[in-house]
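**Student:** Before I ask anything, let me first share the structure, which is written out below as structure tokens.
The values are calculated or read from the model by the stated rules, or taken from the named source; none is laboratory data. These numbers were taken from a predicted model, which means no experiment stands behind them. Note that each Cβ is placed from the backbone with ideal geometry, even for glycine, and that neighbours are counted across all protein chains shown.
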Amino acid sequence: MIEITRITFTGTGSGKAALNRFHSSFVIDHSGFRLLVDAGDSVSRALLKSEIDFNSIDGIILSHFHPDHICGLPSLLIQMKMSKRKTPLKIFLHNTLFEDLRRLLVKTYVIPDRLNFDLEFIKYEFESEFIIQDDFMIRAIQNSHLDKYEYFVKSEKISLASSSFIFSLSGKKIFYTGDLGDENDLNLLDEVKIDVFISETTHIEPGQIVKTAEDYKSKTVVFTHISPEIEPQVIEFVQNHTGKPAILTAFDGMELVL
Ligand SMILES: [Zn+2]
């Protein structure tokens, strides 16, 4: 049986609030598991707009702790409680972020004991692949997006963990850049082939993304995390692009079936 993978781009905007795009998030459906990737501000509304039932989400993975990637999580958990969720929810995050998330939830009165469902935290390490479900695996790669806060670590105990992800889905590989520091982060990949290359476009040029995707023999490139300032440039780039790989400019609600 051929396993179908569906990706729904629930939010395709950048860290800047916009009326036409929610902050960046997407949902992967594979092997009977529904995974939400990132949960920034307004993610509950983004899911509603894409008609994704809160309680149908089996797990959430967090790339890093900027507000446009995690600040919708406390509210989303409350929506699940109000929707009478009973089934456990898995939350995948880098091990250095667990304590910060636990505190954030408690301090916004999202007390795990008072939810009607269990939260199961899965703390990953960089570079070690972890299994979501049969034929659904993830490997996180550290990127330099948060290195700019290094000076701040001395006075505040903060984690600089920022992940890019490789999703392995029944032999298909999807790469998601997360938010990058710069183009050098793309050289960290040791994969030979990436089928679908999903890239943010706020901290890296479209041409550089496509050049890297070509190196990994990608068939499809998806541009997301699109800021209002960069949007015209991204659209123009895609219009002028011919040949392979196919490039899609993501929009909220866009679905990709593999
Ligand atoms: Zn971002």
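**Student:** Looking at Asp58, Asp100 in this structure, which one is under 30 Å from Leu160 (Cβ atoms), more than 16 Å from the ligand (Cβ to nearest atom) and touching a Lys or Arg at 6+ places or on another chain (Cβ under 6 Å)? Before the answer, list the steps.
**Tutor:** Values: Asp100 fails: touching a Lys or Arg at 6+ places or on another chain (Cβ under 6 Å).
From the options Asp58, Asp100, the qualifying one is Asp58.
**Student:** Which residues, counting only those in region 181-198, are within 16 Å of the ligand (Cβ to nearest atom) and either surrounded by fewer than 22 Cβ atoms within 10 Å (Cβ to Cβ) or of a type outside the set (Val, Ile, Thr) (or both)?
**Tutor:** Taking region 181-198 first, the residues within 16 Å of the ligand (Cβ to nearest atom) are 181-182, 185, 198.
Matches in region 181-198: Gly181, Asp182, Asp185.
**Student:** Does Ser25 count as within 16 Å of the ligand (Cβ to nearest atom) and modelled with pLDDT of 95 or more?
**Tutor:** Details: within 16 Å of the ligand (Cβ to nearest atom): yes; modelled with pLDDT of 95 or more: yes.
It is true that Ser25 is within 16 Å of the ligand (Cβ to nearest atom) and modelled with pLDDT of 95 or more.
**Student:** Sticking with this structure for a sec: Could you check, for region 139-150, whether at least one of its residues is out of contact with any Gly (no Cβ under 8 Å at 6 or more places or on another chain), among the polar types (S, T, N, Q) and in a loop (DSSP other than H, G, I, E, B)?
**Tutor:** No.
**Student:** Quick test for you: out of Ile230, Ile204, Ile226, pick the one residue that is more than 19 Å from the chain's Cα centre (by Cα) and within 16 Å of the ligand (Cβ to nearest atom).
**Tutor:** Details: Ile204 fails: more than 19 Å from the chain's Cα centre (by Cα); Ile226 fails: more than 19 Å from the chain's Cα centre (by Cα).
Going through Ile230, Ile204, Ile226 in turn, the sole match is Ile230.
**Student:** Now for a different question. Determine which member of the set Lys148, Lys173, Lys123, Lys154 is under 20 Å from Val221 (Cβ atoms) and either surrounded by 15 or more Cβ atoms within 10 Å (Cβ to Cβ) or among the charged types (D, E, K, R) (or both).
**Tutor:** Result of the check over Lys148, Lys173, Lys123, Lys154: Lys173.
**Student:** Mind checking which pairs have a first residue in region 57-79 that is touching a residue at least 24 places away in the same chain (Cβ under 8 Å) and within 18 Å of Phe126 (Cβ to Cβ) and a second that is assigned to a helix (DSSP H, G or I) and within 11 Å of the ligand (Cβ to nearest atom), Cβ under 6 Å, 6 or more apart or different chains?
**Tutor:** Every condition considered, the pairs that remain are Leu62/Ile70; Ser63/His69.
**Student:** What residue, of Thr220, Thr212, Thr201, is buried (at least 18 other Cβ atoms within 10 Å of the Cβ), in contact with a Phe, Trp or Tyr (Cβ under 6 Å, 6 or more places away or on another chain) and not basic (Lys, Arg)? Steps first, please.
**Tutor:** Details: Thr220 fails: in contact with a Phe, Trp or Tyr (Cβ under 6 Å, 6 or more places away or on another chain); Thr212 fails: in contact with a Phe, Trp or Tyr (Cβ under 6 Å, 6 or more places away or on another chain).
Being buried (at least 18 other Cβ atoms within 10 Å of the Cβ), in contact with a Phe, Trp or Tyr (Cβ under 6 Å, 6 or more places away or on another chain) and not basic (Lys, Arg) holds for just one of Thr220, Thr212, Thr201, which is Thr201.
**Student:** A further question on this structure: When you look at Ala46, is it buried (at least 24 other Cβ atoms within 10 Å of the Cβ) and within 16 Å of the ligand (Cβ to nearest atom), yes or no?
**Tutor:** Taking the combined requirement at face value, the residue satisfies it.
**Student:** Moving on to the next point. Of the residues that make up region 110-123, is at least one within 16 Å of the ligand (Cβ to nearest atom) and not in a loop (DSSP other than H, G, I, E, B)? Let's see the steps before the verdict.
**Tutor:** Taking region 110-123 first, the residues within 16 Å of the ligand (Cβ to nearest atom) are none.
Looking for residues that are within 16 Å of the ligand (Cβ to nearest atom) and not in a loop (DSSP other than H, G, I, E, B), one finds none in region 110-123, hence no.
**Student:** Just wondering, is there one or more residues in region 32-41 that are within 11 Å of the chain's Cα centre (by Cα) and acidic (Asp, Glu)? Spell out how you get there, then give the answer.
**Tutor:** Step one: list which residues in region 32-41 are within 11 Å of the chain's Cα centre (by Cα), which gives 35-40.
Applying the additional criterion that residues be acidic (Asp, Glu) yields 38.
Yes, region 32-41 contains a residue that is within 11 Å of the chain's Cα centre (by Cα) and acidic (Asp, Glu).
**Student:** I'd like the full set of residues that are under 19 Å from Asp215 (Cβ atoms), touching a residue at least 24 places away in the same chain (Cβ under 8 Å) and either away from the ligand (no atom under 12 Å from the Cβ) or of a type in the set (Ser, Thr, Tyr) (or both), limited to region 169-180.
**Tutor:** Correct list: Lys172, Ile174, Phe175, Tyr176, Thr177.
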